[in-house]
Amino acid sequence: VEILKQIAQHLINGDEEEVEQLTRQAVDQGLPGRQVLDDGLIAGMNVVGEQFRNHEMFLPDVLLAARAMHVSMAILKPRLLEEDVPSRGKVVLGTVEGDQHDIGKNLVSIMLQGAGFDVIDLGYNVPADKFIAAARENNAPLIGMSALLTTTMPAMQRVITRLKEEGLAGAVRTIIGGAPVSADFARQIGADAYARDAAHAVDQVKTLMGVA
Ligand code: B1M
């Protein structure tokens, strides 16, 4: 459908107003929310993720696209809930205790939502036990953690230790990311996955959740 292609293209361009207006138009035309999400927003965001990964697009433009996606998702959300679209799975997400950096985490959150995951975003400065409680309450099989400070990296380890202590180690898996974090560090603390950027985070989460 032409309008969905336009939504995707304007999303790639980071044109928030156009995306918002076209989303309303698509919904008014009676297009299912899921189709607008999949063939408009997600299709566009996939291109953004790909270009970002290949260094053909840079952070400010990714943030613009992310914001456009956010606005459009707000319009679609009631439709999607009505349509009762099954989520691809729940992910508890947050920046670890002591750390206030949330721009990267927000990007990961939006990309995961864009890919159809249900994100329980706990914000930043999240204590270990809050991650655990949220995973329990929501029956979420995955916890995603972000850290931007070398001094807050040990807080990731603490969450994994607490998961083991609570007997949830197998049932709730973990993915970590953030500038100072590495695949080596992930292995060292027993995290199940590491992603260097939001696009890779989506790939990793899909793999962990078994949804290709
Ligand atoms: Co801060 N800061 N900061 N800061 N800050 C850094 C991180 C720093 C590297 C700057 C520097 O000195 N060069 C440095 C850390 C040094 C270190 O620990 N080695 C630093 C410092 C020291 C501090 C303070 C201590 C400064 C002070 O007060 N003296 C202080 C700490 C506050 C605290 O957290 N307790 C502080 C404060 C701040 C601001 C509040 C001003 C602001 C944050 C605003 C906000 O987030 N709402 C800020 C900012 C903006 C930065 C820099 C400039 C940019 C970070 C950012 O948003 N990048 C940063 C320097 C830098 O990184 N170049 C710096 C963009 C973002 C999209 O990238 O977060 O890496 P990033 O996320 C990427 C990937 O890492 C990955 O995907 C994202 C998108 O591709 N990813 C994941 C992230 N999380 C993931 C999770 C996943 C998977 C992938 O799975 C779950």
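A few notes on this one:
- The chain - accessible surface per residue (Å², probe 1.4 Å): 49 Å²
- Net charge over other residues, Cβ less than 13 angstrom from the Cβ of Arg53 (K, R count +1; D, E count -1): -3
- Both radii are taken from the alpha-carbon atoms of the chain; with Rh as the Kirkwood radius, Rg/Rh is 0.99.
- The string of couplings for region 90-97 from the Karplus curve (6.51, -1.76, 1.60, θ = phi - 60°) is 9, 10, 8, 9, x, 8, 5, 4 Hz, one whole number per residue in order, with x for Gly and Pro.
- Region 165-206: C-alpha gyration tensor shape, a/c 1.5 cut-off, then a/b vs b/c: oblate
- Phi-based couplings in Hz for region 98-111 (Karplus 6.51, -1.76, 1.60; Gly and Pro marked x): x, 10, 9, 6, 10, 5, x, 4, 5, 5, 4, 4, 5, 5
- Here the Karplus relation 6.51 cos²θ - 1.76 cosθ + 1.60, evaluated at θ = phi - 60°, turns the backbone of region 175-191 into coupling constants of 10, 10, x, x, 3, x, 8, 9, 4, 4, 4, 4, 4, 4, 8, x, 6 Hz, with x for every Gly and Pro.
- Annotation: amide H of Gly190 has no partner in the under-5 Å range at sequence separation 5 or more or interchain, hydrogens built in the peptide plane.
- Value at 222 nm in deg cm²/dmol, rounded to 500, when DSSP H runs of n ≥ 4 in the chain each add -39,500 (n - 2.57): -17000 deg cm²/dmol
- In the chain, the portion of solvent-accessible area held by carbon and sulfur atoms comes to 49 percent [1.4 Å probe, whole percent, DNA, RNA and ligands not counted].
- With 0.36 nm allotted per residue and the present C-alpha distance subtracted, the Ile3-Thr151 stretch has 48.6 nm of extension available.
- Separation between Cα centres of region 137-212 and region 5-38, rounded to whole Å: 32 Å
- Whichever lysines have a C-alpha closer than 22 Å to that of Lys105, once near sequence neighbours (fewer than 8 apart) are set aside: Lys77, Lys90, Lys130, Lys206
- When the chain is treated as a GNM with alpha-carbon contacts under 10 Å, the residue of Val19, Val27, Val92 showing the greatest mean-square fluctuation is Val27.
- Of Gly167, Gly44, Gly177, the one that fluctuates the most in a GNM where the chain has Cα springs shorter than 10 Å: Gly167
- Relative compactness, region 1-105, computed as alpha-carbon Rg over 2.2 N^0.38 Å: 1.13
The values are calculated or read from the model by the stated rules, or taken from the named source; none is laboratory data. Quick caveat, the model's predicted, so the values are computed rather than measured. Cβ coordinates were reconstructed from backbone atoms using ideal geometry, including for glycine residues, and neighbour counts include every protein chain displayed. Side chains included, ligands, DNA and RNA excluded: accessible areas come from the protein's heavy atoms. Shrake-Rupley method; radii C 1.70, N 1.55, O 1.52, S 1.80 Å.
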